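I have placed the structure first, in the form of structure tokens, so that the comments after it can refer back to it.
The values are calculated or read from the model by the stated rules, or taken from the named source; none is laboratory data. What you see is a predicted model; the values in this text were computed from it and never measured. Note: ideal-geometry Cβ built from the backbone for every residue, glycine included; neighbour counts use all protein chains shown. Note: accessible area is taken over every heavy atom of the protein model, side chains too, but ligands, DNA and RNA are not part of it. Shrake-Rupley method; radii C 1.70, N 1.55, O 1.52, S 1.80 Å.
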Amino acid sequence: MTSTRLTPREIVSELDKYIIGQHNAKRAVAIALRNRWRRQQVPEELRDEIAPKNIIMIGPTGVGKTEIARRLAKLDNSPFLKIEASKFTEVGYVGRDVESMIRDLVELSVNMVKSEEQENVKSKAMDIAEERILDILLPRKRSNSSTVPPGGPELIEMENPEGDADKGVFQYDSTREKLRRLLRQGHLDERVVDIEVREGRTGPMIEIFSSSGVEDMGLNIKEMFGNLFPQNKKKRKAKVSEALILLAEEEAQKLVDMDVVTRTAIERVEQSGIIFLDEIDKIVGSDAVQGPDVSREGVQRDLLPIVEGSTVNTKYGMVRTDHILFIAAGAFSFTKPSDLIPELQGRFPIRVELDSLGKDEFIRILTEPHNALVKQYVEMLATEGVELTFLGEAVAEIAEMAALVNERTENIGARRLYTIMETLLDDVSFNAPDLAEKILTITADYVSERLSGIIEDEDLSRYVL
């Protein structure tokens with residue numbers, strides 16, 4: 001079963017493995033993801049008419065908005081970009097234009113598809129790299145005397161007046177096969193060889209400001225001038241084990257058809273791209289204007305055609321945004337979604353409110369998810385030979401402390417747990433390599449003792465992230 005065929009219930013179940021609570025938000029994104037699969041099944045003439053139902057998530061920081069979108073993209077193996085709406089400025093001001101997020105998404109998609117294609121040709125690339133290493137260890141050099149190839153065993157090729165060259169060829173092939181076996185068994189890994197590898201892009205990267213925004217022109221200039229910029233190669237010494245990896249990577253790049261990669265990447269962006277627009281509440285207009293006005297409403301109007309569906313020019317070609325799923329998020333502490341311009345509101349028909357997190361949710365966050373914080377610290381300290389155990393009462397005390405600090409200071413949601421856990425295990429983490437007693441149990445008393453300063457300190461400033 002592929003990820004795109006997951007039912008909404010199965011999608012929510014997968015998200016539950018990493019995100020506690022927020023059932024309404026999970027339902028909304030699960031339906032949006034399933035609708036993509038449904039759209040692909042309808043008759044072709046209707047397919048282009050079905051637009052994605054974009055979502056606005058409303059909730060304070062640290063409640064799981066970004067994590068929901070990120071995990072959703074992983075489920076579908078979709079190109080995913082998280083960007084803060086506050087980074088954008090209206091056209092005419094110096095700064096990022098809204099179209100740059102589409103170019104960024106395409107770049108991510110190209111890299112994703114390229115990595116997949118390189119993985120597909122990995123075996124073939126390794127075979128070619130192996131042959132190149134053998135050529136270095138045992139070069140095809142004809143001579144009437146013995147030759148000792150650099151780094152390789154002695155090889156004698158015999159040629160006699162009677163034209164009996166077969167013996168020399170046989171000896172060469174036999175020695176090469178012996179070397180191949182030694183290479184595959186790892187006996188030559190520490191031998192140092194000279195290899196030639198392609199250099200990456202050299203010289204300064206050129207950026208230009210144009211009507212289409214900031215563009216990286218380094219690659220385009222090489223394309224424009226073609227062979228005027230020959231590929232640079234450099235010689236370097238490397239162990240055989242390292243040389244194999246370097247040469248295999250180089251060969252994999254040669255085997256990948258970039259035209260196919262580009263076409264696949266653009267199609268993937270157009271059909272399954274996800275853009276997470278964080279801090280969308282920061283581009284809502286305000287009566288109090290401080291400093292230069294970069295027209296937040298202007299940014300909203302620039303976003304409109306992208307979200308509605310338009311064509312954006314990228315260095316890989318034209319990209320349509322009609323079916324990209326946009327998930328916007330914001331705390332909306334001092335504003336509300338209805339303060340967005342009406343046209344943009346209409347492009348985000350689905351709105352879900354996320355709940356604030358308290359002690360009960362923190363207990364579950366610490367222990368239940370696959371990447372739970374308690375599990376992370378237990379595994380990290382296990383690398384030092386320390387067996388760390390958290391009692392249930394200790395986890396409850398940590399959750400209560402986090403909830404209390406969130407009440408007294410800024411409520412940063414689950415992110416508060418990172419501060420609490422680092423403070424709690426500061427001594428253990430520092431002393432772990434030198435501890436004589438490698439079995440440690442974290443109790444409620446230990447938590448209270450280590451974190452008492454946080455509760456007593458009214459300022460609390462040094463504990464706020």
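Scanning the range 36-50 for residues that are open to solvent by 60 Å² or more (accessible area, probe 1.4 Å) and under 26 Å from the mean Cα position of the chain (by Cα) yields a count of 1. Filter the range 395-425 down to residues that are of a type in the set (Asp, Glu) and touching a residue at least 24 places away in the same chain (Cβ under 8 Å) and give me whichever is surrounded by the fewest Cβ atoms within 10 Å (Cβ to Cβ). Among them, the one singled out is Glu410. Residue check: Glu130 meets all listed conditions (1) open to solvent by less than 50 Å² (accessible area, probe 1.4 Å); (2) of a type outside the set (A, V, I, L, M); (3) over 29 Å from Val319 (Cβ atoms); (4) modelled with pLDDT of 85 or more but one, namely (4). Restricting attention to the range 437-464, and to residues there that are in a loop (DSSP other than H, G, I, E, B) and loosely packed, with under 11 Cβ neighbours inside 10 Å, which single residue is modelled with the lowest pLDDT? The selected residue is Glu458.
The residue that is modelled with the lowest pLDDT, counting only those in the range 53-98 that are part of a loop (DSSP other than H, G, I, E, B) and of a type in the set (A, V, I, L, M, F, W, C), is Val94. Close contacts from the range 336-359, counting a first residue that is touching a residue at least 60 places away in the same chain (Cβ under 8 Å) and within 19 Å of Arg27 (Cβ to Cβ) and a second that is part of a helix (DSSP H, G or I) and among the β-branched types (Val, Ile, Thr), with Cβ to Cβ under 8 Å and a gap of 6+ residues or different chains, come to Phe348/Val307; Leu357/Ile365. Checking each residue of the range 266-276 against the condition of being modelled with pLDDT of 50 or more and either open to solvent by 90 Å² or more (accessible area, probe 1.4 Å) or farther than 30 Å from Arg39 by Cα (or both) gives at least one match. Is there a residue being of a type outside the set (Phe, Trp, Tyr), at pLDDT below 50, in a helix (DSSP H, G or I) and under 23 Å from Val121 (Cβ atoms) anywhere in the range 207-226? Taking every residue of the range 207-226 in turn, at least one turns out to be of a type outside the set (Phe, Trp, Tyr), at pLDDT below 50, in a helix (DSSP H, G or I) and under 23 Å from Val121 (Cβ atoms). For the range 304-333, residues that are open to solvent by 60 Å² or more (accessible area, probe 1.4 Å) and either in a loop (DSSP other than H, G, I, E, B) or farther than 14 Å from Ile266 by Cα (or both) total 3.
For Ala238, the conditions (1) in contact with a Phe, Trp or Tyr (Cβ under 9 Å, 6 or more places away or on another chain); (2) at pLDDT below 85; (3) open to solvent by less than 30 Å² (accessible area, probe 1.4 Å); (4) of a type in the set (A, V, I, L, M, F, W, C) are fulfilled apart from (1).
Taking the range 402-436 as the range and being hydroxyl-bearing (Ser, Thr, Tyr) and part of a helix (DSSP H, G or I) as the test, the residues that pass are Tyr418, Thr419, Thr423, Ser429. Within the range 374-394, restricting attention to residues that are part of a helix (DSSP H, G or I) and touching a Phe, Trp or Tyr at 6+ places or on another chain (Cβ under 9 Å), the residue that is surrounded by the fewest Cβ atoms within 10 Å (Cβ to Cβ) is Val378.
Listed by first and then second residue, the pairs linking a residue in the range 30-51 that is aromatic (Phe, Trp, Tyr) to a residue that is part of a helix (DSSP H, G or I) and surrounded by fewer than 17 Cβ atoms within 10 Å (Cβ to Cβ), with Cβ atoms under 9 Å apart and 6 or more places separating them unless they lie on different chains, are Trp37/Thr4; Trp37/Arg5.
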